[in-house]
1. What are the pairs with Cβ atoms under 9 angstrom where one residue, in region 1-22, is on the phi > 0 side of the Ramachandran plot and free of Cβ contacts under 8 Å to residues at least 40 places away in the same chain and the other, located anywhere, is open to solvent by 40 Å² or more (accessible area, probe 1.4 Å) and assigned to a loop (DSSP other than H, G, I, E, B)? Sequence gap at least six, or different chains.
2. On the given criteria, is Gly83 touching a residue at least 60 places away in the same chain (Cβ under 8 Å) and at positive phi?
3. Just the residues that are assigned to a strand (DSSP E or B) and either open to solvent by 10 Å² or more (accessible area, probe 1.4 Å) or under 19 Å from Tyr46 (Cβ atoms) (or both), please, taken from region 190-213.
4. Just give me the residues in region 92-117 being among the polar types (S, T, N, Q) and surrounded by 24 or more Cβ atoms within 10 Å (Cβ to Cβ), in sequence order.
5. Given (1) closer than 23 Å to Tyr301 by Cα; (2) outside any helix (DSSP H, G or I); (3) open to solvent by less than 70 Å² (accessible area, probe 1.4 Å), where does Pro59 come up short, assuming only one miss?
6. So Ala41 passes all but one of these: (1) closer than 26 Å to Asn246 by Cβ; (2) buried (at least 24 other Cβ atoms within 10 Å of the Cβ); (3) small (Gly, Ala, Ser). Which condition number does it fail?
7. (1) modelled with pLDDT of 95 or more; (2) small (Gly, Ala, Ser); (3) over 30 Å from Gly155 (Cβ atoms): which one isn't true of Ser82, the others all being true?
8. For the list (1) of a type in the set (Gly, Ala, Ser); (2) open to solvent by 50 Å² or more (accessible area, probe 1.4 Å); (3) within 24 Å of Arg316 (Cα to Cα), I need the number of the one condition that Ala120 fails.
Amino acid sequence: MATFQEALLAKKHLVKRWKRMPGVIGIGIGYANGKNKKGGACIVMYTVNASAAVKKVCPSCVLVKRQMATAHVSVPVRTVTSGRCHCHPAVRPFATNYRSRIRPVIAGYSVGYPGASGTAGLIVARGGQRFVLSNNHVLNRNNTSGYTETIQPGGADGGRSGRDRIGRLYRYVRLRKNAVNRMDAAISIPTSNRLLAPRYATVGRVPGVIRSYGIGRRLKKVGRSSGLAWGTVESIHTDIDVSYGNYGGLGTIRFRNQTVIRSTVPISLPGDSGSVWLTAGNYAAAVNFAGSANGRLSISYPVVWALQAFGVGVARSAGTTGRAVAKAKRVRRNNARTRPLSTAELNRVPTKKAASKRQPGKKKTNK
């Protein structure tokens with residue numbers, strides 16, 4: 001029976017051979033039996049289809065050397081047919097309660113820019129200033145530092161420039177085509193703190209954030225399109241290819257050490273981008289930014305990474321301020337769980353500040 005440390009080592013070996021495995025879109029680690037830790041750890045490989053050609057390039061196991069021993073251990077490989085994964089801001093309405101106009105704005109509702117909608121994932125704060133946390137592709141028109149207006153509801157839900165403006169893009173993590181990506185994240189600053197309330201739709205108050213979660217963890221979230229839904233962490237430390245289409249000229253880009261959350265119903269539909277997964281106790285855990293074609297797989301990353309990158313914390317009730325998450329802190333390494341970014345990893349995250357005003361002569365264009 002393989003340990004998670006051995007599975008992670010085997011995953012690293014496979015990532016090096018990825019170019020020779022057409023049809024494989026993701027490689028992570030999870031439970032060998034797909035249910036619990038009794039069967040030990042395994043590699044989870046996500047594929048575009050279940051064709052014979054794809055099966056041929058997927059090994060049934062990977063041999064790695066056992067630590068402090070000369071013997072080798074066989075790490076099993078579990079293949080999951082996921083189809084291609086996409087980021088998908090909504091460009092048309094969905095019949096849910098979470099796409100309406102709401103003031104003050106709370107997490108779980110439609111937000112975006114003229115032309116597209118995603119989800120306000122979490123209300124965060126630094127000092128006395130509140131922000132909306134969501135995805136880069138939800139709050140940033142084209143993955144650049146240009147001025148982007150934030151409207152609520154988003155453009156796909158009838159939101160209009162000016163009339164429904166709540167603020168603007170403030171900071172974002174730049175997505176890169178030929179480099180390591182860790183998160184699709186951005187924050188918007190409101191024109192007034194009174195426009196944002198530190199609450200989460202249906203759930204209420206979010207008391208804080210968890211710094212780590214493990215495989216098999218049950219999580220819930222509210223998304224602009226799927227509403228309130230539950231899912232289970234299927235794999236972590238997952239390197240995965242995500243299609244951004246024409247957005248920012250990115251095409252398909254790769255993300256490192258992501259979390260894949262599974263459900264029997266759609267949990268990551270167009271417009272759910274930016275929604276934040278919570279624990280049963282309502283602590284923020286992960287940020288959804290992409291999904292499988294059928295919506296039953298959510299591609300997410302630990303929310304603590306975004307809080308580290310922007311130096312913010314979960315916003316508190318009126319009269320109090322959000323406490324920033326420490327930029328880096330040593331935690332006990334457990335390969336069966338996620339972890340915060342190290343100082344070195346955090347320093348490599350390309351966080352950018354957006355323009356505070358629209359440049360003269362620039363025309364607005366809808367996506």
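The values are calculated or read from the model by the stated rules, or taken from the named source; none is laboratory data. This one's a predicted model, so the numbers in the text were calculated from it and none came from an experiment. A quick note on method: Cβ atoms are made from the backbone with ideal geometry, for glycine too, and the neighbour counts reach across all protein chains shown. With ligands, DNA and RNA removed, areas are computed over all heavy atoms of the protein, side chains included. Shrake-Rupley method; radii C 1.70, N 1.55, O 1.52, S 1.80 Å.
1. Between residues of region 1-22 that are on the phi > 0 side of the Ramachandran plot and free of Cβ contacts under 8 Å to residues at least 40 places away in the same chain and residues that are open to solvent by 40 Å² or more (accessible area, probe 1.4 Å) and assigned to a loop (DSSP other than H, G, I, E, B), there is no close pair.
2. For Gly83, the condition - touching a residue at least 60 places away in the same chain (Cβ under 8 Å) and at positive phi - is met.
3. Start the filter on region 190-213 by keeping residues that are assigned to a strand (DSSP E or B), which leaves 190, 196-200, 204, 209.
Across region 190-213, the qualifying residues are Pro190, Pro198, Arg199, Gly204, Val209.
4. Ser110, Ser117
5. Of everything listed in (1) closer than 23 Å to Tyr301 by Cα; (2) outside any helix (DSSP H, G or I); (3) open to solvent by less than 70 Å² (accessible area, probe 1.4 Å), Pro59 misses just condition (1).
6. All conditions are met except number (1).
7. Condition (3) is where Ser82 drops out.
8. Of (1) of a type in the set (Gly, Ala, Ser); (2) open to solvent by 50 Å² or more (accessible area, probe 1.4 Å); (3) within 24 Å of Arg316 (Cα to Cα), only one is false for Ala120: (2).
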